[in-house]
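Just so it is clear, none of the values below were taken in a lab; they were calculated from the coordinates. These numbers come from a predicted model, not from an experiment. Reconstructed Cβ throughout: ideal geometry from the backbone, glycine too, with neighbour counts over all protein chains shown.
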Ligand code: KG4
Ligand code: ZN
């Protein structure tokens, strides 16, 4: 049996003993499982669903079916690579939300079942907290408080991180996320889903020759939906004159799109650094893998004298290691969920 004190803090059964945490992430289209020994990542298995490529976006029903087929093998492999048996697991951390309901349901149900069988605590993790706390996997780690630009397929936020368990959103997108902007514009350019990494590659050989309008919204918020429309109208006009316009200019179009998205992000980030005077700055989420964004922010960190933290590429896009890291902080603080926990597609930050 687990032992709790009056404040619901778990009294670890074996004091000073290392704890293995199994982490599961299934919020979108990657089925991932990881094992941590305390804060050290021992394994991080990611099974990416390629099936969505041809549809230009994630098909929710297909994603949950794929998670259902993949989850057993992802967890088995994570345990095998870590060299541990299920019976050694001290806690299970799982993404509770936000994300696609059917996808989250597979991970949460699996985690709940296993935690009941093993009689170990269950930890619910906010997906975006996971992205941010991925910064604590490797050195150098940011010092608190730090600012984090979290840019993924579903979110674009500026967050003030006071501690692993205390974060505050200071700005966010009012419509599309930055990753969504890459993917939707990529679709207009005829690229498969997800287009973000492909635009990144093609942009390296192109020049930002084309200019597109992007809305400038108040405070530290962002807006990307008008940008997509402005690219659409521009392409319609040019293709009417020259049907091969996109293929003939693909690299320059990609460089232009990337340039504008990066510029939009950097303007608000720099404004926030100046206003808060916080010199510890991190980026997280799938779009943090973008070489243009990484390079530009490195330049800006020298120019404006701030310390920039960028996660290793494997921890930018969705992965269970980051969920394990966030889970580890909750484990240390004794914050656990009951087995009534349900996935929440709109989980509050
Ligand atoms: O964080 P993530 O794996 O999933 C979500 O939580 O949404 O982010 C996925 C997003 C996709 O929109 C994808 O196109 C974008 O991250 N992405 C990139 C790059 N790698 C992934 N966008 C631009 N450049 C990249 N290298
Ligand atoms: Zn994500």
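Given region 270-322, what whole percent of its Cα pairs are spread farther than 12 Å? Of all Cα-Cα distances in region 270-322, 65 percent exceed 12 Å.
Placing a label point 7 Å from the Cα of residue 168 along the Cα-to-Cβ line, the residues of region 276-292 whose backbone N sits under 12 Å from it are 276.
Full extension of the chain between residue 314 and residue 348 yields a length gain of 9.7 nm, computed as 0.36 nm times the residue separation minus the alpha carbon distance. In terms of packing, defined here as the mean over residues of other Cβ atoms within 10 angstrom, the peptides 336-346, 313-323 line up highest first as 313-323, 336-346.
Between 215, 203, 91, which gets the highest mean-square fluctuation from a Gaussian network model of the chain, Cα cutoff 10 Å? Fluctuation is largest for 215. For the chain, the equivalent ellipsoid built from the Cα gyration tensor has semi-axes of 37, 23, 16 Å, listed from largest to smallest.
Sequence-distant contacts, meaning Cα pairs under 8 Å at least 6 residues apart, place the relative contact order of the chain at 24 percent.
Ordering of 233-242, 156-165 by packing is 156-165, 233-242, highest average first (other Cβ atoms within 10 Å, averaged per residue). Given an 8 Å cut-off on Cα distances and at least 6 residues of separation, report the relative contact order of region 143-310 as a percent. Relative CO of region 143-310 lands at 27 percent. Projected onto its three principal axes, the C-alpha set of region 143-310 covers 53, 28, 25 Å, listed from the longest axis down. Calculated FRET efficiency, residue 116 to residue 248, Cβ-Cβ distance, R0 = 45 Å: about 0.15 to the nearest 0.05. Based on the convex hull around the alpha carbon atoms, region 14-129 presents an average projected area of 7.1 nm². Rounded to 0.05, the FRET efficiency of the residue 76 and residue 109 pair, given R0 = 22 Å and the Cβ-Cβ distance, is 0.85. Between residue 144 and residue 87, full extension at 0.36 nm per residue minus the direct alpha carbon distance yields a gain of 17.0 nm. Peptides 136-144, 206-214, 108-116, ordered by how many other C-beta atoms sit within 10 Å of their residues on average, highest first, read 108-116, 206-214, 136-144.
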